[in-house]
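Below is one structure, written out as structure tokens, with a few remarks after it.
What follows is calculated from the coordinates using simple rules that are stated; it is not laboratory data. The model shown is predicted, which means the values in this text are computed figures rather than measured ones. Cβ sites come from the backbone with ideal geometry, for glycine too, and all protein chains shown count toward neighbours.
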Amino acid sequence: MSSYQILMPLTVLYGAGCIGQLGIKVRPLGKKALIVSDKVMTDTGNVQKIQDLLEEQNIGFEVYDEVNGEPTDVMIEKGLSIYKDGNCDFLVGIGGGSPIDAAKAIGLMAENPGNIVDYMGLGKVKNPLPPVVAIATTSGTGSEVTQFTIIADTKNNVKMLIGSPYIVPAIAVNDPMLTLSVPAKTTAATGIDAFTHAIEAYISKKAHPFTETMSLSAIRRISKYIRRAWANGDDLEARNEMMIASMEAGIAFCNSSVTIVHGMSRPIGAVFHIAHGISNAVLLPKCMEFALMGAPEKFARVAEAMGENIEGLTTIEAAKKAVSAIKQLNDDLEIPSISGLGIDKDEFLAVTAKMAQDAINSGSPGNTPRKVSLEQIIQIYKDSL
């Protein structure tokens, strides 16, 4: 019998209004926080809300709200300077995955030497991070509960996956009230990101009983509630269920792995600066179509979790219903093709070989249940246009 370990934050707050507990929960963590966010969070008043909660506990803070877009090594260097100059001793990341990933990376560099590029890959972080509090304002990335951070290397135009148990936040906060104003387009992109996490964690070669349970639960919730959250952003029940699903999917892939979709998605984001959730969404149908024959039994269970009737079908027939249901979900949420994102077709085709190699180098495609080659990844890129 095999044995496993589960990584997740020491404390997870979730449910409507749970952000109000933040002040008392962070009081033991330190005396001064660096709040990492973006201009949207500042403009909507969410950064001020965090400042107020910290002030109530007599906790000092500095603010770095320039993570506007996916985080880069340049952003991390700037945030680190503010952290050190301000004599901060813990971090609060609030926003989507980008500010949370940035907070993790700043914390990493606060306690580890060299440059952020030195830590690309898994298990290279030697020293524990200062405490990181991760407050999610979208239902998608799961970054608030994972051991990973994704940072762009601007010199080499590569998105770096950095993973270590030290990176798992001390506290995760999932308050659906913070997601009510998220636009429909972002709701779709982040929701499909969570959906991708769940499916990939489930079919991954590294999946195990706990992650499979979390993955299937997330697939069921997202399939039931994402259309409602997309159609009506004020639907608090749907928003809450999507928050729970995002958290489940995040814990699942943190403790198993992602596969071919994420491996192929990161290079698109690095080269064309497409939001991570969108690049996942446009690749998901073709990637799953490719992976299906490597784990048809699992895809049959995905179909069932998505609400498809598979009674009387063969395993392969049921598995194919999962792929068709995924395609239908993308259509319902108006997810475009790659060319529909405004990417020039010729420019895209010119870099498919580089992106495919970067995908292979990330290691994620190697977790796919069907063996995948460089040439096959290039073809999937082309088929997804």
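One Cα centroid belongs to region 57-133, the other to region 206-222; the line between them spans 30 Å.
Length gain on complete extension for the stretch residue 6 to residue 357, per 0.36 nm per residue less the alpha carbon to alpha carbon distance? Intermediate values should be presented prior to the final figure.
Numbers: separation 351, 0.36 × 351 = 126.36 nm, distance 3.08 nm.
The residue 6-residue 357 span can extend by a further 123.3 nm.
Residue farthest toward the positive end of the dipole of region 1-136, with Cβ of Lys/Arg at +1 and Asp/Glu at -1: which of 130, 47, 36? So the residue we want is 130.
Give the dimensionless ratio obtained when the Cα radius of gyration of region 49-184 is divided by 2.2 N^0.38 Å. Compactness ratio reported: 1.00. Counted over the chain, the DSSP beta bridges are approximately 20% antiparallel.
Compute for region 184-383: radius of gyration divided by Kirkwood radius, i.e. Rg/Rh, restricted to C-alpha atoms, rounded to two decimals. Intermediate results must be reported in sequence, preceding the final value.
On the way: Rg = 15.8 Å, Rh = 16.6 Å.
Dividing the radius of gyration by the Kirkwood radius yields 0.95.
Axis of helix 296-305 versus longest Cα principal axis of the chain: the two differ by about 60°, to the nearest ten degrees. In whole angstrom, region 36-97 maps to an equivalent ellipsoid with semi-axes of 19, 16, 8, each derived as √(5λ) from the alpha carbon gyration tensor and ordered largest first. Sequentially through region 108-125, phi angles give Karplus couplings (6.51, -1.76, 1.60; θ = phi - 60°) of 4, 6, 5, 10, 10, x, x, 10, 4, 5, 5, 10, 4, x, 10, x, 9, 7 Hz, Gly and Pro residues having no value and appearing as x.
Within the listed set 198, 303, 245, the Gaussian network model of the chain (springs between alpha-carbon atoms below 10 Å) gives the highest mean-square fluctuation for 303.
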